[in-house]
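The values are calculated or read from the model by the stated rules, or taken from the named source; none is laboratory data. Bear in mind the structure is a predicted one, so any value in this text is a computation, not a measurement. Every residue, glycine among them, receives a Cβ derived from its backbone with ideal geometry; neighbour counts consider all protein chains shown. Keep in mind that these areas ignore ligands, DNA and RNA; they rest on the heavy atoms of the full protein, side chains included. Shrake-Rupley method; radii C 1.70, N 1.55, O 1.52, S 1.80 Å.
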Amino acid sequence: MRGRSLLSFCALRDRSPCFVIPIFSVPGRNAVCVQDLDAFGRVARFLPFEPNHFHPVPVLAAAASVEVGDMGILGFWYEDSEVFVGTAQQLREYLSSITEGDLPEFVAVEAMTLLGHEGRLAKVATRAATLLADDRARKSLITRVMARRRVEERQQELQRLCEEEREDQLSNVLKRLEMAMSSAEWVPEWRRALIRFGARDELCSIAEWRLIAIGLDDFEGSILATLLDRWVEPFRDKDLPYRWLDDHINDDQNWFPVWIRMKNRYYWRNERLAQQGISYLQSFFEKADKSRQFSWDKMNIWHRLWREDVDSARLLAFIDRMPTVKYNIDHFMEIIVVDLMHSKQELSWVKDLVSEWLKVPKPTNAWVAIFIESYGQHRNSAHLAAGVHWLERLGRGSNQWIKLWQSLQSHLTFDDWTSLAEEWLLTARTDLRSWFDVFSLLHTSRGMFVTERVRAAAQRWLATRNMKKRFALIGDVAKTPDERLHTEHS
């Protein structure tokens, strides 16, 4: 199971303060998901999710990711421009400093339930109940809230007993992992424990001990990569991953995952990692010259080092010996040329290559990325015509369409720019994530005026989705108040 990256948040309310639902990516798919947490607050699985049923939270999500077995991520939107993100325990600590009187009634009920403050819970439940006109309804709400509190108390007691049992089970697993066994036996045992107990410090520490004291044969690289992914403060022996990188430069399967995780963790300039990266690229190109096989993911090493301005002359020498015609030109343009376009040196061959390549629009993300990068530097009518051609003919199935369209806003007349969006909305795939975003921008730019054709397309788009939100914007383009009301409640 690959880790899921935090993308954004949504909520039942359209304003703060309130609890939010963290939304995560689904690797390789045009979809999103949410966490399903177990009784201990860990991620048991990920579930498909349709965020359009809720209000979007206009706050940029922090960089975070979780995997099955990790402690789940919860969120609370207190300030307009900030969402607090953390585990259940961290959220309790955060909420403990907030006065319940500062929260809306029903949000306060949820907050005090999470905190477990029975007296404060009864107080806010009574306050929430006064919003209900009927006495029986108020009494029912208070009864249900207090019953929920009793259920939570029983769950907490069960969780405490389960945690004690889990600690005993973890202790037994650690004893087995300390025993002499082969790497082929030890690694599956350790990985099963990692899934079951999460990245506990005890489990990670025993993996480090095994790596140093005994070794793990061909499994060492994958275990190091896992520790770098999952261990918050990895390695008592800080030199361990560096030594492994020095000693295993020919391990094509594991060297790059370990190096890139080290760079992600220690993202500031690190001379030792930089030199190890240069050495690996030297070995990598020598092998590619002989085998005529090329792995583009390894060029992310080149990309990271170039961005840090590490030995640029040597990095350029690697590119000079690279026969691009034998490899994937799209990858070469997107991974290498975008960086070279920002070089401090005057690289005439890069400018010529970009100019020639952009003459024929291609339905690829690489073409869009290069166009946007180069258009700010070298604008001309032919360049603009190529971009418009791509928007008109090649972007109907691409989420990249909106990026190119927005980049040309200031270079086209208002009518031409909005006409491109109108035609795209009528012909593009409506399952694209960006369909509604283009519609929203078009609607906003026209100041509530949308043509009949786009209005009909929006209604068709809405009819294919079982949604409760985003009705307001589409409702704005309804012909009459009755139709808008029907749209909002259909």
* Heavy-atom accessible area of Tyr94 with all protein chains present, probe 1.4 Å, nearest 10 Å²? -> 60
* By how many nm would the segment from Gln156 to Leu170 lengthen if fully extended, with 0.36 nm per residue of separation less the alpha-carbon distance? -> 3.0 nm
* Structure fact -> Treating only Lys and Arg (+1) and Asp and Glu (-1) as charged, each at its beta carbon, one finds that the chain has a dipole about its Cα centre, in Debye to the nearest 20, of 1140
* Hey, could you pull the Cα Rg and Dmax for the chain, both in Å? -> 27.9, 84
* Structure fact -> Checked region 248-308 against the a/c 1.5 cut and the a/b vs b/c comparison, axes a ≥ b ≥ c from its Cα gyration tensor; verdict prolate
* **Cβ-placed point charges (K, R +1; D, E -1), dipole of region 49-125 about Cα centre in debye, nearest 20** => 180
* Asked: What FRET efficiency comes out for the pair Lys344/Arg265, r = Cβ-Cβ distance, R0 = 35 Å, nearest 0.05?
  -> 0.80
* Taking a probe of 1.4 Å, how large is the accessible area per residue of the chain, in Å²? -> 53
* region 209-314, relative contact order in percent, only Cα pairs under 8 angstrom and at least six apart counted -> 24
* **Cut-off 12 Å between beta-carbons: net charge of the residues surrounding Trp77, Lys and Arg +1, Asp and Glu -1** => -2
* Packing-based order for 312-320, 249-257, using average beta carbon neighbours within 10 Å, highest first -> 249-257, 312-320
* To do: Provide the packing ranking of 174-180, 396-402, i.e. peptides ordered by the mean count of other C-beta atoms within 10 Å per residue, highest first.
  => 396-402, 174-180
* Using r as the Cβ-Cβ distance of Thr427 and Ala62, and R0 as 30 Å, what FRET efficiency do you calculate, to the nearest 0.05? -> 0.25
* To do: Quickly rank 417-426, 357-366 as a protection proxy: mean count of other C-beta atoms within 10 Å, highest first.
  => 417-426, 357-366
* Asked: Which percent of the accessible area of the chain is formed by carbon and sulfur heavy atoms (probe 1.4 angstrom)?
  -> 52
